[in-house]
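The structure appears right after this line, and notes come after that.
The values are calculated or read from the model by the stated rules, or taken from the named source; none is laboratory data. Just so it is clear, the model here is predicted, and its values are computed rather than measured. Here the Cβ positions follow ideal geometry from the backbone for every residue, glycine too, while neighbour counts run over all protein chains shown. Remember, those area values only see protein heavy atoms, side chains included, never the ligands or the DNA or RNA. Shrake-Rupley method; radii C 1.70, N 1.55, O 1.52, S 1.80 Å.
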Amino acid sequence: MAEKRLRIAFLSRFQGSANRGVETFVYELSQRLSKNHEVEILSGKEADSFGKIISGKYDIVIPANGRWQALKASVGRLFGHYKTIISGQSGSGIDDIFNVFVTKPDVFVALTNFAANGRNNKLRAAKTWAWGTKVTVIPNGVDLDKFHPAQALRPTLARLKRPIILSVGALYWYKHHERTIKAMVKVQGSLLIVGSGSDLESLQSLGKKLLPGRFKIVQAKYDEMPKIYRSANLFVLPSWDRESFGMVYVEAMASGLAVVAPDDSPRKEIIGDAGILVDVTDPQKYSQAIFTALDKEWSNFPRKQAKKFSWDLVAEKYERLFEELV
């Protein structure tokens, strides 16, 4: 643990008004860091206020929304004399490149080894562009007390026929929920999607057409998610390969669910032996993977994998990073 009590500011524009992975990251990490440090979350207009940022007498500033907010925080170091840490919540690609190459934080935290090193695609690697910036890897986490398996499966809010395949994610094209709907045509079971977004109407239409009587889309508050995970038999999410981390995968595994996901490097790191990775662009292969995952006895593998991503462990890694930085 860092001996010095630090003043830390998180810049999170939509904290309290949105409930995405980045807001969860800010909330969970700030709760744990506040045990040893003075932590402040600047939201709304304050998160982008140059005057507020440089006058706060902070030791560390962590901009959560990237791009111009991160650039503003970076310039503010000249006046506020603090260090900046950027966590790659936006996903590998142009966002990470901008945050590393243009804003040049003191430390860039990649969420996966793939985001840091690129492996087969060095142009997407943070280290490729991090001239003068330290790059380290610290994943997002999960609250293991909040998300856990139940003794018995509870009735789902949607009252669907079992087995229930659950997917959680915004209803936008890059989450590719339509792939799951098409793959579920030959699967005996129901599909429950939790999310909101502009693709609601088109997904509703497709789901009712291909999966009549065994398809549902619902919206839920974050506090309702633990019991929704526990109501399902399997978790799937076929989102694009620029997914920054996919916190919902870890929440599902912590709840005892095996996972079916795209076969790519980031998902391999996150899911490990707690699921099946497959070419989700092929409906037949995707469908077969769902069959196989439902039929397999996963025992404690999902929960065991999720324990590697405990928010408590994540906070300890940030504490060690502070010791090196300040």
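Quick rundown of the values:
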item	result
Residue in the range 249-256 that is open to solvent by less than 60 Å² (accessible area, probe 1.4 Å), more than 17 Å from the chain's Cα centre (by Cα), within 19 Å of residue 161 (Cα to Cα) and touching a residue at least 24 places away in the same chain (Cβ under 8 Å) present	no
Where residue 35 falls short, out of the listed (1) open to solvent by less than 10 Å² (accessible area, probe 1.4 Å); (2) free of Cβ contacts under 8 Å to residues at least 40 places away in the same chain	(1)
Any chance residue 246 is under 16 Å from residue 19 (Cα atoms) and open to solvent by 10 Å² or more (accessible area, probe 1.4 Å)	no
Residue match in the range 82-98 (condition: at pLDDT 95 or above and of a type in the set (Asp, Glu))	no
Cross-chain or 6+ apart pairs with Cβ under 8 Å, the range 133-159 first and β-branched (Val, Ile, Thr), then open to solvent by less than 20 Å² (accessible area, probe 1.4 Å) and at pLDDT below 90	133/100; 135/100; 135/116; 135/126; 136/116; 137/115; 137/116
Residue that is least open to solvent (accessible area, probe 1.4 Å), among those in the range 74-114 that are under 15 Å from residue 54 (Cβ atoms) and of a type in the set (D, E, K, R)	77
Sole residue being open to solvent by 60 Å² or more (accessible area, probe 1.4 Å), small (Gly, Ala, Ser) and at pLDDT 95 or above, chosen from 202, 190	202
Positions within the range 177-187 being surrounded by fewer than 18 Cβ atoms within 10 Å (Cβ to Cβ) and among the hydrophobic types (A, V, I, L, M, F, W, C), in sequence order	185
